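J.: Structure incoming, see below.
The values are calculated or read from the model by the stated rules, or taken from the named source; none is laboratory data. A quick note: this is a predicted structure, and the numbers were derived from the prediction, not measured. Virtual Cβ from ideal backbone geometry, glycine too; neighbours counted across all protein chains shown. To get the accessible areas, we keep the full protein, side chains included, count just its heavy atoms, and leave off ligands, DNA and RNA. Shrake-Rupley method; radii C 1.70, N 1.55, O 1.52, S 1.80 Å.
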Amino acid sequence: MRVAIRVEGTVQGVGFRPFVYSLATGLGLGGLVGNDADGVFAEVEGPTPDVERFLVALERDAPPLARIERVATTNIPPDGGASFSISPSGPGSQRNTPVAADSATCADCLRELADPADRRFGYPFINCTNCGPRFTIVRDVPYDRGSTTMAPFAMCEQCAAEYHDPADRRFHAQPVCCPACGPRLALRDPDGSVRAGEPLATAAALLRQGQVLAVKGLGGYHLAADATSGAAAAALRARKHREDKPFAVMVADLAAARRLCEVDEASSSLLTSPRRPIVLMPRRPGTVADAVAPGNRQLGVMLPYTPLHHLLVTGPIVLTSGNRSDEPIAYRDGEALSRLAGIADAFLTHNRAIHIRTDDSVVRAHRGTEMLLRRSRGYVPEPIGVGARFRRPVLACGAELKNTFCLAKDGRAVISHHIGDLENAETLRSFTEGIAHFAALFDIAPQVVAYDLHPEYLSTKYALELDVEHCGVQHHHAHIASCLADNGEEGPVIGVAFDGTGYGTDGTLWGGEFLVADLTGFHRAGHLAPVPMPGGTAAIKQPWRMAAAYLAAAYPGGPPDGLDVMTRNERYWPAVLALGAKRINAPLTSSAGRLFDAVAALLGVRDTINYEGQAAVELEQLADPGETGSYRAGIRAQEAYCMEGADLVRAAAEDLRDGTTAPVVAARFHNGIAALIADGCVQLRERHGLSTVALSGGVFQNQLVTHRAAARLEARGFRVLTHSRVPCNDGGISLGQAVVAGARDRAGQVPVTESRGLRPSGGSRGVVPPG
C-alpha cells in the first residue's frame, strides 16, 4: 500500500525529515519526505503492516523538539518505488507551519564541545537538529538555510557531508557549521575596535577583574558581570540606571543553582528544560552580592543555553538584558555598540546576525507546575491552540505595559515575544517591526484588529490606524478571556481580574474586578470600592499617596495618630488629601494593585518605587508565611457587589498601633485578600449559579495570594482556573483580546460600534447574567 501523509505543527527545523527518513528506511519502506509552507509532507509505500507500524512510530517517537498538532493520511495508488528520498522544500501558497523556538544546546553537542579530539571542540556555535538557534535566525519559511541568517556561511566539505548524510545527527540541520566555515567570535572595545588575543579567554578574564561585558546571545545582547562582586554588580546597576530591580544570574549547572537557591523538583525541571528560562526561586543568603537583587528573597537563575555560555560561565554571573532601563534589548551590532558603549567595558560579539530580538523568558514553579511571568525565548513562536477556529484572521495589539501582540488564524494563536513597555519610540518600533515579521512569517493578513479601550495606549492608537475592522476589548475582560483560552475553555465563569490598572467602561480606572464572563462579553458583577488616586500617575510611583487615600476612606473622621507613614510624609500629606477630597487630578480607581501599594506604604515597605509593582513585590516578601490570621473586608450588596478594601487597611493600621510586627500584618493582609476573593465568589455563585473561577491579572503573580485564594476557593467547592501557557500579567492580554475578537466575529458582533475608543463597550455584550 502507499499512503500520503501531512504532518502539521512545529515540525520544521527540529529534525523531522531525517527522522522520517530513518524510520522509513529502517522499515524498508519506499517513498519521500519534504517541507513546504504547511509543514511536512510524506509518502510511504510497502507492506500494510510495515506502513501501519510507521504511522504509529511517526507520532510516538517524534524528535524531542517537534510539536505535532495533526497527522492526516490518504491512501494513494502505489508506484512500486522501493527507495526513500528527501525532497527539496517547496514554496507553497501559504505559510501555515509554526517555526520552532530556539533550544538549548543538547547533551550530544555538549559532549563534542568538551572533547579535545572532536573537530568542534570549544566551538561556541555548535548545534544539531535537536538544538540551537531557530526563531531568532529565521527570516522566512520554509525553514531552510537560505531563509536564515546562516545563509552567508557556505558549508565546508565536512559540514556538507554531515548535512547530506541521513545517518548523521546533523542531517538537514540548517545552522550546521564548524570553526572552518561558521560564525566567529570577536572581542571589541566600546569604540568598535577589535582587541588582540583569544576573545573568549580574554572576556572571561575581564569578568574576573570586575568589568562589565556585553555578550551577544541568541536573541540580543546581554550585560554580564561577576555576581559575587558587589562592586561589579553596583557598577552595572549604576550604568544601566536600574536602581532596585533584581538582576538575573546565570550559573554553570544545576549543582551551582542549588548553591544559590532552594531548588525544588519543579524548578529543577524548568531550569534544565530545552527552553532554559530564568527561574525565580527562594534565595540562599550570602551567595551572591547584595547589589544583584537588593532586599529580595527571590533570585532569578538560569543555566547556559548556548555553547558560548557554557564556555564563558564558570562562577555565577549577572546576565541581564542589554539595554538601559525601559528600552528594548539591543540586538543589532551597530546599535549595541552605540547604546551600550557607556555601560560595557568590552563587547563579546560574533558575525551571525540576529533577525529578531527576543528577551529571556521568566518563570516560577507554583503548586508544582510552571507559572510564566514573561513568555519569550524558548517558547515563542510556538502557537497556542484554541478551541474554536477564528472565522477571519485577527491581530490583537495587547496592552501598554509588558506588551505582546498576537496574530491568530484558523485554530491557532501566535503570541509574540516580550516587547516591553510601549513608552518610547524604540519600543514602539520593536512592536511594529515584530508585527510585520510575524505577519509575513505566518502568512496572516489580519481582517480584524483587537485592542485595549484605553484611548491613550500606543497599541490602541496603532490599531485604530489600520484599515480593517476594529474590536475594542475591555482590559479585564481580556485578562479573563486569556485565562479561559489558556485552559481551553469558553465560559461562562466568575472571573477575578486583579491588577494595577485598566480602563473601565465607566471611564474610571478598574483593577479589582469580579466579572461574570465568557469569550464574547462580560458583566461587572463586583469590584473593590473605588478610592481616589491623588496625583494620578504620581500615586503609582509614590505608594504613600494611596496610603493617604485609603486611610481617609478607612477613617472618615481622620486617621489615628502615631502612623509612621503620615509622619514620614507630613509635609505633603494635607495637600494630597485635598486632591483626593476635591477630585482634582485624582481619578477613582478600584485597583487591587493600588490597595497593595497602600498597605506597603503603611507598613514602611516603600513610599516610592523604582520599577512597576515594586511595593507589592516587597510586601509579599515581607509577609510571614506561617501566619494564618486574616483581615476581613465588608461587602456592600448593590447591583454589583462592592468589596471594602479600606476595611483591610483599617485592620492593618490598628494592628500596627497595637504593636503587631510588620511581617504578621503583611501576612494577615495577604490572607485577607484571599478571603475577600473567596467571599466575593461565594456571593456571585449564589446570584449567578457559576462554580468555576478564573484568576487573572498581575496580582496573581503573587504566589501567596494565588495559592491561598485557590485553596480557599477549592475548599468551598469551586473549580479554579489559573494560567500556565501564557502570563497572568499584561503579557497575556493579547491572547485574551484575540479570542474575544474571534468569538465576537463568530457571533456577528464585529465591527463593534464603539470601537473607535470614543465610548468604551463591554458590559452590554455577550453574557447576560442569570436573574
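J.: At 1.4 Å probe size, what's the solvent-accessible area of MET155? Round to the nearest 10 Å².
T.: Probe radius 1.4 Å; accessible area of MET155 about 60 Å².
J.: Apply the Karplus curve 6.51 cos²θ - 1.76 cosθ + 1.60, θ = phi - 60°, to the phi angles in segment 303-313 and return the couplings in whole Hz, x for Gly and Pro.
T.: Along segment 303-313, the couplings run 9, x, 10, 10, x, 4, 4, 4, 7, 8, 8 Hz.
J.: Which whole-number percent is the relative contact order of segment 1-82 (Cα, under 8 Å, 6+ apart)?
T.: Working: 149 pairs, mean separation 41.0, N = 82.
This gives 50 percent for segment 1-82.
J.: OK, next. How far, in nm, would the chain grow between LEU55 and ALA82 when pulled straight, counting 0.36 nm per residue and subtracting the alpha carbon separation? Could you put the intermediate results ahead of the total?
T.: Details: separation 27, 0.36 × 27 = 9.72 nm, distance 1.78 nm.
Taking LEU55 through ALA82 to full extension adds about 7.9 nm, to one decimal.
J.: Relative contact order of the chain, please, whole-number percent, based on alpha carbon pairs below 8 angstrom and at least 6 residues apart.
T.: Numbers: 1859 pairs, mean separation 90.0, N = 771.
RCO, the chain: 12 percent.
J.: Pop the C-beta distance of ALA238 and ASP326 into the FRET formula with R0 = 25 Å and round what comes out to the nearest 0.05.
T.: Given R0 = 25 Å and the Cβ-Cβ separation, E is 0.95.
J.: Shifting gears a bit: For the chain, what % of the accessible area comes from carbon and sulfur atoms, probe 1.4 Å?
T.: Details: 13810 of 27340 Å².
Accessible surface attributable to carbon and sulfur in the chain totals 51 percent.
J.: Using every alpha carbon pair in the chain, what percent of pairs falls into each 10 Å bin from 0 up to the bin containing the largest distance?
T.: 3, 14, 22, 24, 20, 11, 5, 1, 0, 0
J.: If R0 is 30 Å, what FRET efficiency do you get for ILE584 and TYR555 from their C-beta distance, rounded to 0.05?
T.: On the way: r = 21 Å, r/R0 = 0.71.
Calculated value: 0.90.
J.: What do you get for chymotrypsin sites (Phe, Trp or Tyr not before Pro) in segment 556-628 restricted to DSSP loop and a cutoff of at most 15 other Cβ within 10 Å of the site's Cβ?
T.: Numbers: sites: TYR572, PHE596, TYR611; in loops: TYR572, TYR611.
Answer by residue number: TYR572, TYR611.
J.: Sequence-distant or interchain residues sharing an amide H contact under 5 Å with PHE84, placed H: which?
T.: Those lying under 5 Å, H to H, from PHE84 are GLY31.
J.: Before I look further, what does segment 440-528 give for accessible area per residue, probe 1.4 Å, in whole square angstrom?
T.: On the way: 2230 Å² over 89 residues.
Here the per-residue accessible area is 25 Å².
J.: Right, next: Could you work out how far the C-alpha centroid of segment 492-562 sits from that of segment 369-404, in angstrom?
T.: Between the Cα centre of segment 492-562 and that of segment 369-404, the gap is 27 Å.
J.: Okay, moving on. In whole Å, how far is the Cα centre of segment 660-701 from that of segment 280-299?
T.: For segment 660-701 versus segment 280-299, the Cα centre distance is 29 Å.
J.: Here's something else I'd like to know. Using amide H atoms built in the peptide plane, which far-off residues or other-chain residues are under 5 Å from GLY39 H to H?
T.: Result for GLY39 returns THR97.
J.: Scan the chain and report its longest stretch carrying no GluC sites (Glu not before Pro) that are both in a DSSP loop and have at most 15 other Cβ atoms within 10 Å.
T.: Working: sites that count: GLU243, GLU262, GLU423, GLU456, GLU465, GLU570, GLU639.
With GluC sites (Glu not before Pro) excluded where exposed in loops, the chain gives 1-242 as its longest stretch.
J.: What dipole magnitude, in Debye to the nearest 20, does the chain give about its Cα centre under +1 on Lys/Arg Cβ and -1 on Asp/Glu Cβ?
T.: Numbers: 77 positive and 83 negative charges, 117 e Å.
Result for the chain is approximately 560 debye, rounded to the nearest 20.
J.: Per the Debye formula with a single identical scatterer at each Cα and no solvent contribution, what log10 I(q)/I(0) holds for segment 245-383 at q = 0.12 Å⁻¹?
T.: With one equal scatterer per Cα and no solvent, log10 I(q)/I(0) is -0.50.
J.: Sticking with this structure for a sec: Tell me, what is the per residue accessible area of segment 575-656 in Å², probe radius 1.4 Å? Please list the in-between numbers first.
T.: Working: 3170 Å² over 82 residues.
Per-residue value: 39 Å².
J.: Of HIS417, HIS310, which has the most accessible area and how do the rest follow, probe 1.4 Å? The partial results should precede the final answer.
T.: Numbers: HIS417 0, HIS310 50 Å².
I get HIS310, HIS417, largest accessible area first.
J.: Something else now. Span-like helices, the chain: DSSP H, alpha-carbon axial extent 30 Å or more, mean Kyte-Doolittle 0.0 or greater, which ones? Intermediate results must be reported in sequence, preceding the final value.
T.: Numbers: long enough: 662-688 (38 Å, 0.33).
Helix filter hits for the chain: 662-688.
J.: Leaving out ligands and nucleic acids, and using a 1.4 Å probe, what accessible area per residue does segment 253-407 come to in Å²? Intermediate values should be presented prior to the final figure.
T.: Details: 5050 Å² over 155 residues.
Ligands and nucleic acids excluded, the figure is 33 Å² per residue.
J.: Give me the extension gain from THR73 to SER193: residue separation times 0.36 nm, minus the current Cα-Cα distance, reported in nm with one decimal.
T.: On the way: separation 120, 0.36 × 120 = 43.20 nm, distance 5.73 nm.
So the extension gain works out to 37.5 nm.
J.: Another question, then. So, R0 is 45 Å and r is the distance between the beta-carbons of ALA154 and ASP467; what FRET efficiency does that work out to, to 0.05? Show your work: numbers first, answer last.
T.: On the way: r = 43 Å, r/R0 = 0.96.
Using R0 = 45 Å, I get an efficiency of 0.55.
J.: In angstroms, what radius of gyration and Dmax does segment 500-656 have, counting Cα atoms only?
T.: In order Rg, Dmax, the Cα atoms of segment 500-656 give 15.4, 50 Å.
J.: Express in nm, to one decimal, how much length is gained between ALA436 and GLU714 on full extension, taking 0.36 nm for each residue of separation and deducting their alpha carbon distance. Display every interim value, and only then the final one.
T.: Numbers: separation 278, 0.36 × 278 = 100.08 nm, distance 4.36 nm.
Extending this stretch completely gives an extra 95.7 nm.
J.: Please go through the residue pairs LYS245/LYS409; LYS409/LYS461; LYS216/LYS240 and name each one whose alpha carbons sit more than 26 Å apart in this structure.
T.: Working: LYS245/LYS409 37 Å; LYS409/LYS461 23 Å; LYS216/LYS240 17 Å.
LYS245/LYS409, as the Cα separations exceed 26 Å there.
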